[in-house]
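Right, one structure below, let's go through it.
The values are calculated or read from the model by the stated rules, or taken from the named source; none is laboratory data. Keep in mind that this is a model prediction, so the values were computed, not measured. Here Cβ is always computed from backbone atoms with ideal geometry, including for glycine, and neighbour counts include all displayed protein chains. Side chains included, ligands, DNA and RNA excluded: accessible areas come from the protein's heavy atoms. Shrake-Rupley method; radii C 1.70, N 1.55, O 1.52, S 1.80 Å.
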There are 2 protein chains.
Amino acid sequence: MPSAVPLVRVVRSGLVESVHAGHVAVCDAKGRLLAALGDPHRVVFSRSSTKPLQAAVSLRRIGEGLPEDLVAIMCASHSGEPEHMRAVRRLLRRGGVPASALGCPPDVPMLPGAARRAGRPTRIAHSCSGKHAGMLFACSRSGWDLDTYLAPRHPIQREVLRAVRRGTGVDRPVVGVDGCGAPVHGVPLSGMATLFARLVRPEHLGARAATVATAVAAMRAHPFLVGGSGRTDTLLMTQVPGVVSKVGAEGLFCAAVPVDGIGVAVRIEDGGDRASGPALIHALAELGALTAEDVERLAPVARRPILGGGRPVGEVAASFRLRRSRG
Amino acid sequence: MPSAVPLVRVVRSGLVESVHAGHVAVCDAKGRLLAALGDPHRVVFSRSSTKPLQAAVSLRRIGEGLPEDLVAIMCASHSGEPEHMRAVRRLLRRGGVPASALGCPPDVPMLPGAARRAGRPTRIAHSCSGKHAGMLFACSRSGWDLDTYLAPRHPIQREVLRAVRRGTGVDRPVVGVDGCGAPVHGVPLSGMATLFARLVRPEHLGARAATVATAVAAMRAHPFLVGGSGRTDTLLMTQVPGVVSKVGAEGLFCAAVPVDGIGVAVRIEDGGDRASGPALIHALAELGALTAEDVERLAPVARRPILGGGRPVGEVAASFRLRRSRG
């Protein structure tokens, strides 16, 4: 089993202070591995990178006619800014679901300023609240129990599991508990790359094709809602319309390049979230999906500053060459 | 050059979700390497682990008679709790230095609750404010310029550099800028282990012996001031009186065992701070400096819970065997 390889270096005052090693998998919608680095089959939890698929599952139950911004917030790991909170509240209202039904734990918004303004932690401020609101909306529409919607045996979660199997091509994912309390799925990194290729080639997803296309279109149309101010997903989808991306916790970052029909999944072995964005952007550039100008426009997230006394004295920057697979 | 070895595993729902690799060096006060793992000579920035030495340098200028709790806060990476802020204010007042002279950047306290209560970021809430207040006190006492005290060529920083050379046994440390804006020193990890051995065998530190002993005694007498609620340094020095420890940023953690006269330095290669405490505690246990009961009492920081929906579903835990050096 190949081990993790250095992907991202953290430089302070000219010294390589820290190194993040990790894995990369690039797949097409048939699940073929096109390029890799480290161990492309490292089993990882899908974390929030599955949200577009989870949203597609909820959308099949909710039915048509949901405004596109409310679809986008279902796919989000949002920063808890006012726009995000408003969208989640509208989604809950539209589903006739009380905010008290949200099963994600209380949290404060990600941005320090927003966190101070928000005061006490709330469930609606949790970055996954849109996903939870969507699942609850789907349960309400289907007449399913709202109290137990996070149990792996609940019908909504069984539908998610079936979608994960079909999307990743993995028959028996490990089922665990995500940070937000929802079931999370452990699959090889190559399965996540395959899933993302299929998000932009949804004909591989059977009955879920239509709602997956709806979810992906909503993310591309409302990138701010998917993340927030200064977030990598938001900048990437705003600056580079040809890419769909979704961050996951613990150093996971996945993206799809619709024109090429490929999916890219990057995983930092140590779970370091500061490194996954720079690594994903570098991988996309290596694959020709981003131009040098695109990367330049993404500089605030591609090469994050390291501060000394509040001023930049170094950076977090990716540097690696992908290994193309033969055949 | 040996590469980093797996030290700490992050398990979620039974799956090893992430792995932190790193390095360990164990030295005596003569600088002899007694045990190691990974690359014990990896050059690392000393970060906040040098604070006891920086405090000793300031104390030589301040002179005798400073209350022990004010010495402890000079050695602290404090959590910005009310007790910490009060101590920093008292130290500034005693030195006749205005809070506006502090050169560390404004920050909010570490604990989310304390951060909410504190409101806007302030310099005094920065975890390094005690060190800065001590340096300013020393400058004021010596008639040195307060405005430029963070410049590497300022007399207080030149004294710190001389102390780092003598303490670590490293002639020419890399000089960089620490997160708080103060000069920081890049030395082999074994140099940090040597420094910690010398902190408890201060006869190796020449003219600084007396103030180093004062700083170490203050840390052991006031472990809460050195860290704060739930912090590893505080728990370790409260529960295990025979150990002196000091965390540094970017996955560094150093400790000394006075009875054995040894220093231990652990560095997580990826800079992951969640892993350095568990790794240090495991290394101390491996060396026989902690009993199984000590480790049990330190469980909240030795094996940190991983949460799913707010409930523990896994843990961050260290597992490795140190390699004893020959001869």
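Determine, yes or no, whether residue A:252 is without any contact (Cβ under 8 Å) to a residue 12 or more places away in the chain and within 14 Å of chain B (Cβ to nearest Cβ). Step through it out loud before you land on a result.
Numbers: without any contact (Cβ under 8 Å) to a residue 12 or more places away in the chain: no; within 14 Å of chain B (Cβ to nearest Cβ): yes.
It is false that residue A:252 is without any contact (Cβ under 8 Å) to a residue 12 or more places away in the chain and within 14 Å of chain B (Cβ to nearest Cβ).
Taking into account only those residues within the stretch B:283-327 that are part of a strand (DSSP E or B) and hydrophobic (A, V, I, L, M, F, W, C), which is nearest to residue B:39 (Cα to Cα)? Let's see the steps before the verdict.
First, pick out the residues of the stretch B:283-327 that are part of a strand (DSSP E or B): B:303-308, B:311-318, B:323-324.
With hydrophobic (A, V, I, L, M, F, W, C) added as a condition, the list becomes B:306-307, B:313, B:316-318.
Numbers: B:306: 29, B:307: 32, B:313: 33, B:316: 22, B:317: 21, B:318: 18 Å.
Within the stretch B:283-327, the match that is nearest to residue B:39 (Cα to Cα) is B:318.
Restricting attention to the stretch B:63-91, which residues are under 16 Å from residue B:139 (Cβ atoms), open to solvent by 10 Å² or more (accessible area, probe 1.4 Å) and in contact (Cβ under 8 Å) with a residue 40 or more places away in the chain?
Passing the criteria: only B:63.
With open to solvent by 20 Å² or more (accessible area, probe 1.4 Å), within 19 Å of the chain's Cα centre (by Cα), within 14 Å of chain A (Cβ to nearest Cβ) and among the hydrophobic types (A, V, I, L, M, F, W, C) as the only criterion, which of B:174, B:184 stands out?
On the way: B:184 fails: open to solvent by 20 Å² or more (accessible area, probe 1.4 Å).
The unique qualifying residue is B:174.
Test residue B:86 against the criterion of being at pLDDT 95 or above and out of contact with any strand residue (DSSP E or B) (no Cβ under 7 Å at 6 or more places or on another chain), and give yes or no.
Working: at pLDDT 95 or above: yes; out of contact with any strand residue (DSSP E or B) (no Cβ under 7 Å at 6 or more places or on another chain): yes.
So residue B:86 fits the description; yes.
Looking at A:162, A:166, A:153, A:120, can you tell me which residue is away from chain B (no Cβ under 13 Å), open to solvent by 50 Å² or more (accessible area, probe 1.4 Å) and not in a helix (DSSP H, G or I)? Quick ask: steps written out before the conclusion?
Values: A:162 fails: not in a helix (DSSP H, G or I); A:166 fails: not in a helix (DSSP H, G or I); A:120 fails: away from chain B (no Cβ under 13 Å).
Matching residue, one of A:162, A:166, A:153, A:120: A:153.
For the stretch B:270-327, give me the residue count where each residue is surrounded by fewer than 19 Cβ atoms within 10 Å (Cβ to Cβ), more than 22 Å from residue B:228 (Cα to Cα) and of a type in the set (Gly, Ala, Ser).
Within the stretch B:270-327, residues that are surrounded by fewer than 19 Cβ atoms within 10 Å (Cβ to Cβ), more than 22 Å from residue B:228 (Cα to Cα) and of a type in the set (Gly, Ala, Ser) number 8.
I'd like the full set of residues that are open to solvent by less than 10 Å² (accessible area, probe 1.4 Å), within 11 Å of another protein chain (Cβ to nearest Cβ) and among the charged types (D, E, K, R), limited to the stretch A:13-53.
The answer is A:17, and nothing else.
Failed condition for residue A:294, given (1) touching a helix residue (DSSP H, G or I) at 6+ places or on another chain (Cβ under 8 Å); (2) acidic (Asp, Glu); (3) under 30 Å from residue B:107 (Cα atoms), with all others met?
Status for residue A:294: all satisfied but (3).
Would you call residue A:43 β-branched (Val, Ile, Thr), in contact (Cβ under 8 Å) with a residue 24 or more places away in the chain and touching a strand residue (DSSP E or B) at 6+ places or on another chain (Cβ under 7 Å)?
In short, yes.
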